[in-house]
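A quick write-up on the structure given underneath.
The values are calculated or read from the model by the stated rules, or taken from the named source; none is laboratory data. None of the values given here were measured: they were computed from a predicted structure. Every residue, glycine as well, gets a Cβ built from its backbone with ideal geometry; the counts of neighbours run over all protein chains shown. Ligands, DNA and RNA are stripped out before the accessible areas are found, and what is left, the full protein with its side chains, is counted by its heavy atoms. Shrake-Rupley method; radii C 1.70, N 1.55, O 1.52, S 1.80 Å.
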Amino acid sequence: MAGTSAIVDASRLAIVAHRTDSLSDWAEAVERGGRRLLLLRCSNDVAGQVERALRLSPSDRVRVPEADRGEWTHRLPLRGPLTIRDKDLLGLLQAVVTLRLDGPFRVAIALDRYKDPTTSEDSYLWKNTPIGQLFHDAKYGGDTAAGKALARELHAFISTHPDYASAEAIVAVPSHTPARFSERLARAVGRMSALPVVVSDEAAGEGRAVKGLDDGERAVQLFRLDPNAVHGKQVIVMDDMVRSGRTLVAVGEAASNAGAARVVGLAAVRTMRN
């Protein structure tokens, strides 16, 4: 495929982005026989990230006793005490939001939700999360300092999470506003992380923007990437905000079709609007 463009139609993609996951709790335990375990309360998507970091597979999981199933969902064997890096990852997975998206992603994550639903029963009165406030001030308030702080948060995440730390390039989701905030944010993160940034193109005249569409509308959006920029590479597909997930998945599919070896998704915030 060298020298050609890979194109994907987002209308053919099944998106499941309403549900999100975080690591609720974890603990180390030692059984009577001396076997050391890591206990988790989370979904399989989150547990899979921990397993990959510990170089385990789902087949290594230890059965959760009936008496513990109300408290723990997964028991993973440990070869020794958790390292500081392991604990940093577990703390990170308690803070970020794992997105349930169909598509080519090994994993897709948002640093946080845009709004905090615990702040009011009225969704119109929900306050911004700390990351959501940085996003709001940077994108809508033009606050340069907030933009840099948000980029640093994304860079710190990439450095800590093993599924992202080995990335070789960032693929930026194209902006649909003159300010081009999502692209500028990706470039700032790329500079901090020493990663090249590739901006996906929309196929001219072959669709309409996915962003802003209601869930009930059938989106038709084509994206293309130069395979020379991503072929054989591990890439992060990055957007500033995820709502339905259509655009993030469409660009992820374009990266995969252009020959990317592994694709992960990353956004600053996940809107609670849907």
Expected output is a single nm value to one decimal: the length gained when fully extending between Ala261 and Ser22, i.e. 0.36 nm times separation in residues minus the C-alpha distance. What is it? 83.4 nm
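With only Lys, Arg, Asp and Glu charged, each at its Cβ (+1 for the first two, -1 for the last two), find how big the charge dipole of the stretch 36-79 is about the Cα centre; round to the nearest 20 debye.
So the magnitude is around 200 debye.
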Farthest toward the dipole's positive end in the stretch 80-182, which of Gly132, Thr83, Ala156, given Cβ charges of +1 (Lys, Arg) and -1 (Asp, Glu) about the Cα centre? Ala156
Residues meeting the amide H criterion for Thr129 (H placed from the backbone, H to H distance under 5 Å, 5 or more places apart or on another chain) are Lys115, Asp116
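Among 173-179, 47-53, 189-195, how do they line up from the highest to the lowest mean number of other beta-carbon atoms within 10 Å?
In descending order of packing, they fall as 47-53, 189-195, 173-179.
Accessible area of the stretch 92-178 with a 1.4 Å probe: how many percent of it is carbon plus sulfur?
In the stretch 92-178, the share of accessible area belonging to carbon and sulfur is 50 percent.
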May I ask for the distance between the Cα centers of the stretch 155-206 and the stretch 81-97, given as a whole number of Å? 24 Å
Residue by residue, what Karplus-based ³J(HN,Hα) values in Hz, rounded to whole numbers, does the stretch 81-94 have, using 6.51, -1.76 and 1.60 with θ = phi - 60° and x for Gly and Pro? x, 4, 7, 4, 5, 4, 5, 4, 5, 4, x, 5, 5, 6
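Expressed as a rounded percentage, what relative contact order does the stretch 224-266 have, with Cα pairs under 8 Å and six or more residues apart?
57 percent
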For Ala108, enumerate residues with amide H under 5 Å from its amide H, sequence gap 5+ or separate chain, H modeled in the peptide plane. Leu99, Gly265
Under the Karplus curve 6.51 cos²θ - 1.76 cosθ + 1.60, θ = phi - 60°, whole-Hz ³J(HN,Hα) for the stretch 127-134, x wherever Gly or Pro sits: 8, 5, 5, x, 5, x, 5, 4
Answer rounded, prolate or oblate for the stretch 92-190, using the Cα gyration tensor with square roots of eigenvalues a ≥ b ≥ c: rounded when a/c is under 1.5, else prolate when a/b is larger than b/c, else oblate. oblate
For a Förster distance of 35 Å, can you work out the FRET efficiency between the beta-carbons of Asp60 and Asp116, rounded to the nearest 0.05? 0.45
Could you pull out every residue, at least 5 positions away or on a different chain, whose amide H is within less than 5 Å of the one on His74? Hs are placed 1.01 Å off N in the peptide plane, and Pro or chain starts have none. Leu40, Cys42
